[in-house]
Amino acid sequence: MSPDQPNNPLHGVTLAQIVTRLEEYYGWQQLALRVNINCFKSDPSLKSSLKFLRRTPWARAEVEKLYIDTFH
């Protein structure tokens with residue numbers, strides 16, 4: 001078991017939850033303006049976004065930062 005991480009705002013939040021919540025809050029078009037990646041611009045979907053973000057650490061870091069800035 002992993003120890004509690006009270007100072008980590010992403011603890012217990014999956015990447016799918018992050019992308020879903022951001023998409024519900026901003027919509028794909030506004031999300032693409034805030035994080036400049038093609039998976040949010042061209043035919044966006046949760047599945048394609050997760051596939052790209054799991055393989056691209058810099059993009060995932062930007063999405064996680066936007067999530068923290070928006071909801072915390």
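Couple of notes before you dig in:
- Residues located in region 53-72, provided they are of a type in the set (Phe, Trp, Tyr) and under 11 Å from residue 21 (Cα atoms): 67, 71
- Applying the criterion of at least 3 residues that are crowded, with 16+ Cβ neighbours inside 10 Å and touching a residue at least 40 places away in the same chain (Cβ under 8 Å) to the helices (runs of 4 or more DSSP H) found wholly in region 1-61 leaves 15-34.
- Qualifying residue in region 42-62 (condition: of a type in the set (Asp, Glu) and at pLDDT 95 or above): yes
The values are calculated or read from the model by the stated rules, or taken from the named source; none is laboratory data. Keep in mind it's a predicted model, so treat the numbers as computed, not measured. Please note: Cβ atoms are built from the backbone with ideal geometry, for glycine as well, and neighbour counts cover all protein chains shown.
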